[in-house]
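To start, the structure under review is shown below, and the notes come after it.
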Amino acid sequence: MTVSTFDQNYALDLAQVTERAAIAAAHWQGRADKEAVDQAAVDEMRLRLNAIRLDGVVVIGEGEKDRAPMLHNGERVGSGNGAQVDIAVDPVDGTALTARGGPGALSVIAVAERGTMFSPGSLVYMDKLAVGPEAAGVIDLEAPVKHNLEQVARAKGLDLDQLTVIVLERSRNQEYIREIREVGARIRLIGDGDVSAAIAAARPETGIDVLMGIGGSPEAVIAAAAMRCMGGEIQTRLWAGTEQQREYAADHGLDLQRVITTLDLVGGDEAYLAATGVTSGEFLRGVEFGHDQAVTHSVTMQASTGAIRYITTYHSLARERGD
Ligand code: VTB
């Protein structure tokens, strides 16, 4: 039997999937093999997802851009007999980070009602502006950087030199970095992992206030699911950095000027997100191994209730192997 709406709370089911994917990926930490990190997480994620009572279609299967092993777009996942949903996965956001043991890699899944997730097609980059609940409603991607930072600072009761903007360190974001510095706000540069960065911008305990800059489109959809749950806001715009991408946009009638909102990215009434740290980041610790034990740190979120749960799990590796 298929059901069209969520008929149970999926938060813990999804966290169990990201926990397993994170553990699988964490074995490869620092071993300079990004494909192995991804492959281990993808395999584990697919296996565990198929055990959940869901009728899921993968709308966002990270990997296209990097030619990484992936859960393919359009792939059916779940047991096939539960709620009909769209699924966005990033088995590891930050495979390169994990491969060198850098901070902020996580395993993440977002689920929403069928037909409600935005598909960016082959346009793999988006310009993004994301903030937490206090600053939701005051940002405007079409306005200058200065205006947005002043708005967020005012909404949060901060001076501009107390505001922290997290930016993916890429040459395409240099203009943003220059403008943020000119305004006098603080910057946190990251090498990868802007799903974690977007969530961090919406969580009070991280000291990060805004995510700005051009990053991956799949990561924007996942971040939007998180924003739906946390009451934050993300505004995006498709970004075409090459002639080929501009042609693709023109051929497919994709408007590169249009601001794509949180609700455009993830619509519907309900959404879930689960994420587990692979390496320690702004708001989740990474996987820790002990004798026959792995400890994971996860967060789960639900849009309709706004419930955010932090879960620490002690996994007995021997028992799970059936020893
Ligand atoms: C970001 C980052 C990801 O892709 O979205 C980035 O969050 C953007 O693409 O972890 P480039 O690396 O090509 O600049 C990732 O690094 C994953 O590919």
Selected residue (only one of D127, D140 is within 14 Å of the ligand (Cβ to nearest atom), touching a residue at least 60 places away in the same chain (Cβ under 8 Å) and either open to solvent by 10 Å² or more (accessible area, probe 1.4 Å) or among the small types (G, A, S) (or both)): D127
Residue among G132, G82, G78 that is away from the ligand (no atom under 13 Å from the Cβ) and at positive phi: G78
The lone exception for M117 - which of (1) more than 16 Å from the ligand (Cβ to nearest atom); (2) free of Cβ contacts under 8 Å to residues at least 60 places away in the same chain; (3) within 19 Å of the chain's Cα centre (by Cα) it fails: (2)
Some residue of the range 143-160 being within 16 Å of the ligand (Cβ to nearest atom) and touching a Leu at 6+ places or on another chain (Cβ under 6 Å): no
V221 of a type in the set (A, V, I, L, M), within 16 Å of the ligand (Cβ to nearest atom), modelled with pLDDT of 95 or more and touching a Pro at 6+ places or on another chain (Cβ under 9 Å): yes
Residue check for A274: touching a residue at least 60 places away in the same chain (Cβ under 8 Å), of a type in the set (A, V, I, L, M, F, W, C), surrounded by fewer than 22 Cβ atoms within 10 Å (Cβ to Cβ) and not in a helix (DSSP H, G or I): no
Count of the range 184-194 residues which are farther than 14 Å from N148 by Cβ and either within 13 Å of the ligand (Cβ to nearest atom) or buried (at least 20 other Cβ atoms within 10 Å of the Cβ) (or both): 6
Residue count for the range 195-216, restricted to those that are near the ligand (Cβ under 9 Å from one of its atoms) and not in a helix (DSSP H, G or I): 3
Options P133, P91: the member that is farther than 19 Å from V259 by Cβ, surrounded by fewer than 21 Cβ atoms within 10 Å (Cβ to Cβ), in contact (Cβ under 8 Å) with a residue 60 or more places away in the chain and of a type outside the set (K, R): P133
Index of the failed condition, Q257 passing every other in (1) more than 13 Å from the ligand (Cβ to nearest atom); (2) more than 24 Å from T18 (Cβ to Cβ); (3) outside any helix (DSSP H, G or I); (4) in contact with a helix residue (DSSP H, G or I) (Cβ under 9 Å, 6 or more places away or on another chain): (4)
Residue within the range 228-239 that is more than 16 Å from the ligand (Cβ to nearest atom), surrounded by fewer than 18 Cβ atoms within 10 Å (Cβ to Cβ) and either on the phi < 0 side of the Ramachandran plot or free of Cβ contacts under 8 Å to residues at least 40 places away in the same chain (or both) present: no
Number of the condition not met by R181 [criteria: (1) under 15 Å from the mean Cα position of the chain (by Cα); (2) basic (K, R); (3) surrounded by fewer than 16 Cβ atoms within 10 Å (Cβ to Cβ)]: (1)
Yes/no for L163 being closer than 21 Å to Y125 by Cα and surrounded by 20 or more Cβ atoms within 10 Å (Cβ to Cβ): no
Residue check, E179 within 16 Å of the ligand (Cβ to nearest atom), part of a helix (DSSP H, G or I) and under 27 Å from R258 (Cβ atoms): no
Neighbours by Cβ (under 6 Å, 6+ apart or cross-chain): first from the range 251-264, under 17 Å from G137 (Cβ atoms); second of a type in the set (A, V, I, L, M): V259/L141; T262/A224; T262/M227; T262/I234
Condition check for R172: within 16 Å of the ligand (Cβ to nearest atom) and of a type in the set (K, R): yes
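The values are calculated or read from the model by the stated rules, or taken from the named source; none is laboratory data. Here the structure is a predicted model, which means the values were calculated and not measured. Heads up, the Cβs are rebuilt from the backbone with ideal geometry, glycines too, and the neighbour counts pull from every protein chain shown. Just the protein is used for accessible areas: all its heavy atoms, side chains included, with ligands, DNA and RNA removed. Shrake-Rupley method; radii C 1.70, N 1.55, O 1.52, S 1.80 Å.
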